[in-house]
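Input: a single structure, listed below in structure tokens.
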Amino acid sequence: MMTDENTTIAVRIAESIGERIISGALQPDAPLRQDHVAREFNSSHVPVREAFRQLEARHLVVAERRRGVRVAPLDTNSVKEIAEMRAALEVVALRNAASKLTSAHLARIELSLIEADNAQTIQEFETANRAFHHALVAPCAMPRLLASLDGLQLANSRSVFATARSAGWQPRSNQDHRLILRALRARNVDQACNLLARHIQTIERLALPAPDQE
């Protein structure tokens, strides 16, 4: 039975391991042993099992009867699925958010854009990139859709970090983000949505894992 304390510990374990998986500190197919995790977090196996269930629900780990719990694979099919879902759902969210965007919302979007442009590390860039995409759609006020997009954006971050490890990363300006913001300022929602869909599909092509990642 899960107590409140165990629930809190499970969330902490899931967040910590999830961050390691997304950043690539834990590689695809790496095994996760209950006893090792319990020892690291000084906990019983109960919250560890719950943490594994939470990570499995986020598609960050897979549980197999004979192989136990392992970090989920990061392959071409996964990247394509994430990109197709994002391209569809994020456009729906943006269409619903566009009419509610205020000058404050647009300023928040621009700030995230600037922070991404000024990022000196892939970690700084990806934090700002996630903030940009969240700021675009947050005013849609559709909590289920936003929760789904947050999960997809984190999954996308995993492939971005994998690409940076294999191909390197250099600070750069994101022209797509600027064009999307410009279209929103002009209240050209169709153009903004088309640009966003194209942007996400381009990310898919750039973020496909290298052969040794598949």
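The values are calculated or read from the model by the stated rules, or taken from the named source; none is laboratory data. Being a predicted model, the structure only gives us computed values, none of them experimental. Note: ideal-geometry Cβ built from the backbone for every residue, glycine included; neighbour counts use all protein chains shown. Side chains included, ligands, DNA and RNA excluded: accessible areas come from the protein's heavy atoms. Shrake-Rupley method; radii C 1.70, N 1.55, O 1.52, S 1.80 Å.
For this structure, a couple of remarks:
- In the chain, the sites counted are trypsin sites (Lys or Arg not before Pro) in DSSP loop states with at most 10 other Cβ atoms within 10 Å, and the longest stretch holding none of them, exclusive of the sites, is 68-171.
- Cα-based helix-to-principal-axis angle, 189-207 vs the chain, degrees rounded to 10: 40
- Spacing of the two label points (7 Å from each Cα toward its C-beta) at residue 141 and residue 165, in nm: 4.2
- Each of 154, 183, 54 was placed along the dipole of the chain (beta-carbon charges, centred on the mean Cα), and the one lying farthest toward the positive end is 183.
- Cβ charges +1 (Lys, Arg) and -1 (Asp, Glu), total dipole of the chain, debye: 360
- Only helices enter the 222 nm calculation for the chain: every DSSP H run of n ≥ 4 contributes -39,500 (n - 2.57), and dividing by all residues gives -23000 deg cm²/dmol, rounded to 500.
- Cβ-based charge dipole, the stretch 1-105, positive-most Cα from 76, 41, 31: 76
- Debye, to nearest 20: dipole size of the stretch 141-182, +1 on Lys, Arg Cβ, -1 on Asp, Glu Cβ: 80
- Counting only protein heavy atoms and a 1.4 Å probe, the chain has 54 square angstrom of accessible area per residue.
- When only the Cβ of Lys, Arg, Asp and Glu is charged (+1, +1, -1, -1), the dipole of the stretch 9-71 relative to its Cα centre reaches about 200 debye.
- The stretch 76-204 - Rg (one decimal) and Dmax (whole number), Cα, Å: 13.8, 40
- The apolar share of the surface of the chain, taken as the fraction of accessible area on carbon and sulfur atoms (1.4 Å probe, ligands and nucleic acids excluded), comes to 52 percent.
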